[in-house]
Structures are given as structure tokens and as C-alpha cells.
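See below for the structure under consideration.
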Amino acid sequence: MIKDIEGEQNLKTEMENRKNIVVLFGGASSEYEVSLQSAYAVICNMDRKKYHPVTVGITREGQWFYFTGETDKIQNDTWCNAADCVPAVLSPDRTNHHLMVCRAQSVPESIPVDAVFPVLHGRNGEDGTIQGIAELAGIPLVGCGTLSSALCMDKDRAHRLAERSGVRVPRAMVLMDNTAVNKACAFAETIGFPVFVKPVKAGSSFGVTKVKDMKNLAPAVALAFNYDNRVILEEAIEGFEVGCAVCGRDQLTVGEVDEIELYGAGDGSGFFDYTEKYTLKTSAIHVPARIQKEKAREIQETAKRIYRALDCAGFARVDLFLTPEGEIVFNEVNTIPGFTEHSRYPGMMRAAGYGFAEVLDRIIGQAFF
């Protein structure tokens, strides 16, 4: 009986010492659905002896709700309902780290907050906006901070900094408005087709087109402007895409390099777009990548160099191209990559010997140092 009492007391102490982690999911972004899947995996795999997830959903319209329902409702997007949700806001007061919960016709309640974990992809979540709220409030942040999040979301500025660090980047130009199609045509004629047309700040390949001829250039530019007020044109890099998962602040841990194989479009028109990222209908991901170990190590070192150049911390996935000549070319950095158990980032870390829960524990723990 004494042992049982001691065990109960120890368990009670553990529960009381757990840190409250605000897990933000959803978001006013075109990547809303992807965020729900990532957040579901994060919540389910969080070490409950160390951390208590305080789940806060953000609707497509940008409303914040403290969510108290079953976690499955996040995965199947039935979370936003009157029974499970109460309006909430993160207090910006640096001396009082709390989530303010505003129930109807009652005094607002406050929930202590130890750290904020944005599991949000794309704009209004991965771009430094949410990170800025946490940093303004002085609350420890899981993942990259405001500056690195904003830089990595901006493909133009990220490329400039990567190039300054000694990494090759695709030739590119930026359009400031949809009336600059003539400049786009001149650029495409100079570098040759195909060219990629992308929103400067967007994720999951939304608004991205691989353009093979001049007649399709203007529609691609117009599409990209639907997602951002700046559009970037990039040369297509011959070869294939590789990625590297990076974790840490000063001391960095890297996963195995992965490789994206595209085999469905024999005319060369295909690329790893939104559909392929989440269905793999005409593509495959190989981890480890089917390359020499020496080249994989070079890619890992390049990824770490870019990670540091863009001021990343916590975790990020660095995407690159490998040309037939073996040259490494920068593509982009995802500061909040897909985080389901089947996503690329956990897959690369798993191949390096780090399980999903272990990686998650390390990522969260870094916020407190």
C-alpha cells in the first residue's frame, strides 16, 4: 500500500511539473488542411509526462479558439464547434505568460503558458507573424524565430543570403506587379524554357507553375499573383531534388538526405507540386537518397551552412537540387515542414536513428535553453 501511495504521489508531482505547450494549428492559410494533420501527429506524440498540450485552433478566417475536444476532431477538421471551442488570445504581456480564454458573460480565464509551438504551414503562421507574437510576449518559442521565419518564407531574400554564404542558387528575377509580363518574357528568353513561376511567399507549391513555352507564361504569372504581391521566376535546374532535416541551435543534428524521384511525366512537365507532396501518385521519396555517401555528407554540410546563414533554430528542412554534374543548388527552407509520422522531415530523422517522439521531444526541449 505504501508503494502505491508513493507511486501516486510521484505521478501527481510529475503532472504538476509538466510544462504547458500552446500548440497552434489550422491558420488563415492555403495550407490549413496540412497543418491539421501535422498538429494531430504532434499532439499524439508529445511526451505527456513532460508536457501538457494546450490546443489552440485558428480558423481560415483568422479566429482563435481554445479547443478542448477530442484530438481526432483536429485530424478530420470537425474541431471548430460551439461545444469544444472558446475564443482565446495569447497575452502580449511579457510579465504574465498566459492564454486568455473568453467565455461568454464571464470574467476571462487565464491558462499559464510555458512555450508556444506553431504547427502552422504557409502564410500567417510560418512567415514570422505568429513567432513575432510569442517573442513580443517573451514566451519561449518552439522552432525558428521571427527573423528566420520571415527570411525563409521569402524565396528572393532567402536565395540572396544563401548565395552570399557560397551556395549556388537558380538564376531568377522578381516581378512586383502583374503588368510586368514583358519583363518576364524577356527573362525567359534569356535563360530558356522551362522556367518556374512562383509566389515569393507561399508554401506547399501553391501557385507554382513549371512553364514550358511563352504562351503559358502570362497565365502562370497571373496565377502566382493570386497568392502573393510579388512573383519570382526561376530557371529550372537539371537534376533532382534532395532534402536534409536539420535540428538544433548551436550544435546541429542532421537526418539522412532524402531524394525525390519524379517518374510520371515523360514530357518533363512534372514537378513536386502540392498533389505529389501529399499523394505521391507519380513520384517516390527515397531515404536515404540513392547517392554516394560523400555527396550526402556534402549536402548535409551545405544544409547546415544555409540553416545558419538564415538564422534558423529549433528545426527546419533544407531543400536543394543535385545536378547531373554533382553540383548542389539551393531551393528553399521550410521552417515548419510537414510533421506527420509519414512526412519527409521525420522520415529523414528516423533514417538517421531518431524516432518521431524523440525528435519531437528534442525540438520542444530546445525552447527552454
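Worth a mention:
- Whichever residue in the range 224-251 is open to solvent by 70 Å² or more (accessible area, probe 1.4 Å) and either among the hydrophobic types (A, V, I, L, M, F, W, C) or farther than 23 Å from residue 123 by Cα (or both) and, among such residues, is modelled with the lowest pLDDT: 250
- Taken over the range 210-222, residues that are over 17 Å from residue 183 (Cβ atoms) and either of a type in the set (Asp, Glu) or within 25 Å of the chain's Cα centre (by Cα) (or both) amount to 2.
- Residues satisfying the stated conditions in the range 162-186, i.e. assigned to a helix (DSSP H, G or I) and either surrounded by fewer than 20 Cβ atoms within 10 Å (Cβ to Cβ) or at positive phi (or both): 163, 164, 181, 182, 183, 185, 186
- Residue 278, sole failed condition from (1) at pLDDT 95 or above; (2) farther than 27 Å from residue 189 by Cα; (3) open to solvent by 20 Å² or more (accessible area, probe 1.4 Å); (4) not hydrophobic (A, V, I, L, M, F, W, C): (1)
- Residue ID - nearest to residue 345 (Cα to Cα), chosen from residues in the range 281-313 that are of a type in the set (S, T, N, Q) and crowded, with 16+ Cβ neighbours inside 10 Å: 300
- Filtered residues of the range 151-161 (kept if open to solvent by less than 50 Å² (accessible area, probe 1.4 Å) and in contact with a helix residue (DSSP H, G or I) (Cβ under 8 Å, 6 or more places away or on another chain)): 151, 152, 158
- Checking residue 83 against (1) over 12 Å from residue 23 (Cβ atoms); (2) touching a helix residue (DSSP H, G or I) at 6+ places or on another chain (Cβ under 6 Å), the condition it does not meet: (2)
- Scanning the range 85-130 for residues that are under 20 Å from residue 46 (Cβ atoms) and open to solvent by 20 Å² or more (accessible area, probe 1.4 Å), we see that the one that is nearest to the chain's Cα centre (by Cα) is 114.
The values are calculated or read from the model by the stated rules, or taken from the named source; none is laboratory data. From a predicted model like this one, the values you see are computed outputs, not experimental measurements. Cβ atoms come from the backbone with ideal geometry, glycine included; neighbour counts cover every protein chain shown. For accessibility, only protein heavy atoms count, side chains too; no ligands or nucleic acids. Shrake-Rupley method; radii C 1.70, N 1.55, O 1.52, S 1.80 Å.
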